[in-house]
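The values are calculated or read from the model by the stated rules, or taken from the named source; none is laboratory data. Please read these numbers as outputs of a predicted model, since none were measured by experiment. Every residue, glycine among them, receives a Cβ derived from its backbone with ideal geometry; neighbour counts consider all protein chains shown.
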Amino acid sequence: MNVHDSEKAAFSLSNAGYELTDNPTGADVILLNTCMVREKAARKVYSRISDLKKQLRDQAHINGVKPIFGVMGCVAQAEADRMFERSKDIQLVLGTQAISKLPDLISQLDHGFPRAIDVRLSKTAEFFELGANVRQTKHIAYITIIEGCNKFCSFCIVPFTRGRERSRSVDRIVAEARDLADKGYKEVHLLGQNVNSYGLSGRYHGNNIPDFEKSGEGTFAQLLAKVASESRIPRIKFTTSYPRDFDKSVVQVIDDHENLCEWIHLPVQSGSNRILRAMRRGYTREEYLAKIAFIKNARKDISITGDIIIGFPGETNEDFNETLSLIAEVEYDGLYIFNYSPRPHTPAAAYTDSVPEEVKTERFTKLQELQKRIQMRRYGRYLEQNVEVLVEGRSARSQLDYYGHTRCNKVVNFPASEGIIGEIIKVKITEAKPNSLYGHVV
Ligand code: SF4
């Protein structure tokens, strides 16, 4: 989602006549997009700005260019004008719903205002419609379907930084997917903080979502079916699913449409009912496992990935053991494991952070080891199999190798000749590691 927001900012600026550069030296504006899901990421923005400042100081003496430093994303939204106090270098703060205002805010600075800020959140904010000229790759594209979140899980800052759920109209989503297919895109990712809530908030808020109301179309599963059957995109993925709202109909639609890929990211966060309740997740371990069961019973072999928070306030050894047993039962193809850190504004920030850091680290390592063993088995299943790969680029490790993702979102490396980027090919797997596969083009 952040990558896609950066694309939107780039589009907004290029429409206003700016030229994009990935070299900060000589740039008139330097914009940092930020994440606030974890404390460490939120802190990084200030050190990154002072590093850039140092790097550019000599340059400014030479050519007289003094860039505007701007911050966008969730940190900008949450910290708002406090960012100006924490760093004298920041002149521009752009909230998550203000991307289209970017040129106006820069223009205020050009006209002599010392600072510019827009962090307003609204239930009716319009969706930013993205032109195709700023996509980061020519083969894989992101499409926003819903923004914001109404769930208010007790640890999560997203509802405060992204606002309430707003669903984009079916017609616009399908039109964007068709346009991307016409331009030769091979894969799209439908994006939302919680894709399974697609359309629901539209109905709750009535005419606050005029586009959705007009289109009169329903659930996420229905949207998926429509994009799959009407867009001609060869591969469609989506993220993120929310267990409480996720239902069988999504699995059914994946089974029914060949271009819907075999991958579902379904974050559980904890295997303990006590902790799930404290997290206000709205489902139990048993309900979650029932949903995993119908994914596993699908006609297609669907990969499942998830997220876990370690050391949520009050997590005991028994709670953690419940998480371990859930992980062992589900056998995820991939797992993002995070140590809990309190986020401002959230209810959990007021709980006593009772799990010592060394216990969090110990649990983290234990869980990571278990997951590594599971992934060795899961990835090992592909040995001697042919898998479909969309070639994305040269491998970082070897100039002779290329890499891409499978339909089930696993990274595959393989040697190949030039001119293959953007193609969908078959690769025979000859080696499996816990996080990637190796093979040769069939
Ligand atoms: S559903 Fe996801 S985005 Fe929404 S509050 Fe919970 S963790 Fe945050």
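Okay, here's what the table says:
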quantity	calculated
Members of segment 137-165 found to be buried (at least 18 other Cβ atoms within 10 Å of the Cβ) and more than 10 Å from the ligand (Cβ to nearest atom), listed by number	His139, Ile140, Ala141, Tyr142, Ile143, Thr144, Ile145, Ile146, Glu147, Gly163, Arg164
Boolean, Tyr332 is out of contact with any His (no Cβ under 9 Å at 6 or more places or on another chain), within 21 Å of Cys261 (Cα to Cα) and in contact (Cβ under 8 Å) with a residue 12 or more places away in the chain	yes
Residues of segment 227-265 that turn out to be more than 12 Å from Ile302 (Cα to Cα) and in a loop (DSSP other than H, G, I, E, B), as a count	15
Positions within segment 22-47 being modelled with pLDDT of 90 or more and polar (S, T, N, Q), in sequence order	Asn33, Thr34, Ser47
Criterion (assigned to a helix (DSSP H, G or I) and outside the structural domain of Arg343 (by TED's automatic domain parsing)) met by exactly one of Ile30, Ile106	Ile106
Candidate set: segment 306-348, residues that are touching a Ser or Thr at 6+ places or on another chain (Cβ under 9 Å), at pLDDT 95 or above and of a type in the set (Ser, Thr, Tyr); chosen: the one nearest to Gln77 (Cα to Cα)	Tyr336
Residue match in segment 419-426 (condition: of a type outside the set (A, V, I, L, M, F, W, C) and modelled with pLDDT under 95)	yes
Residue match in segment 118-129 (condition: in a loop (DSSP other than H, G, I, E, B) and either within 16 Å of the ligand (Cβ to nearest atom) or touching a His at 6+ places or on another chain (Cβ under 7 Å) (or both))	yes
Qualifying residue in segment 194-202 (condition: crowded, with 16+ Cβ neighbours inside 10 Å, out of contact with any Ser or Thr (no Cβ under 8 Å at 6 or more places or on another chain) and at pLDDT 95 or above)	no
